[in-house]
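Notes follow once the structure below has been shown.
Read-outs: derived from the displayed coordinates by stated rules, not from any lab. In this text, all values refer to a predicted model and were calculated from it rather than measured experimentally. Neighbour counts run over all protein chains shown; Cβ positions are idealised from the backbone, glycine included.
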C-alpha cells in the first residue's frame, strides 16, 4: 500500500508542477489556447482535480452534478468578464478556492448535492471570470469551449482518481486534500 501511495503522490506532484506558458492563439488557434489554459496553472489544476475528488467522496448524483455545476458557473463567470462586468477579488478568490476545496477533500465533508454544487459554483464564478480576463487575442467562443472542455477533463480525472483511490481507503484521498491545501498555500505565499 505504501508503494501505491508513493506512486500516487508522485503522479499528483507531477500534475501540479509549475507551468510553462499559455499557448499563443495566433499560433495555435483559439480553441487550443482555451484547452491549454487551465493546464498551465497549478491553481487551476489543483482546484479542478479537487472538485472531482470531492465529488467522488460525496458519491451518487454528486459525481456528475458537482463538476457540472462548476463548469456551468465557470462559463457564466467567463461571459461576465467578456461582457465587461467586473468581479472583486478574483485572484484571492481563486487561491481561496484551492485551499477551500483542499480542506473539503481533506475533511471529507459531506454536504447535500445542491449545497456542494453551490459551493463549487461560487468558486467557479471567479475561475471563469479570470479566464475571460485573460482572453487576449483569442476568439471568445472557441477559447471558452476549449477551457470548458479542459476543465471537464480535469474534473473527470479527479473523479476517476478519487474512485480508484477509494479502494485503498478514504485516508489516501484525504491526504490529497491536504496536499492541495499546501499547494494552494505555496502559490499564495510563494
(message) Taking a virtual spin label 7 Å from the Cα of residue 134 along the C-beta vector, which residues in region 42-73 bring their backbone nitrogen under 13 Å of it?
(response) 42-48
(message) Using the Kirkwood radius over C-alpha pairs as Rh, can you work out the diffusion coefficient of region 61-102 via Stokes-Einstein at 20 °C, viscosity 1.002 mPa s, in µm² per second?
(response) 184 µm²/s
(request) For a footprinting-style exposure proxy, rank 91, 134 by other Cβ within 10 Å, fewest first. (result) 91, 134
(request) Could you calculate the FRET efficiency of residue 149 with residue 189 from 1/(1 + (r/R0)^6), where r is the beta carbon distance between them and R0 is 25 Å, rounded to 0.05? (result) 0.20
(request) Compute the Rg to Rh ratio over region 31-189 from the alpha carbon atoms, using the Kirkwood formula for Rh, and round to two decimal places. (result) 0.96
(request) Mind checking the full-extension length gain between residue 72 and residue 115? Use 0.36 nm per residue of separation minus the Cα-Cα distance, one decimal, nm. (result) 14.0 nm
(request) Give the shape of region 132-190 as rounded, prolate or oblate, defined through the alpha-carbon gyration tensor: a ≥ b ≥ c are the square roots of its eigenvalues, a/c under 1.5 means rounded, and otherwise the shape is prolate if a/b is larger than b/c and oblate if not. (result) oblate
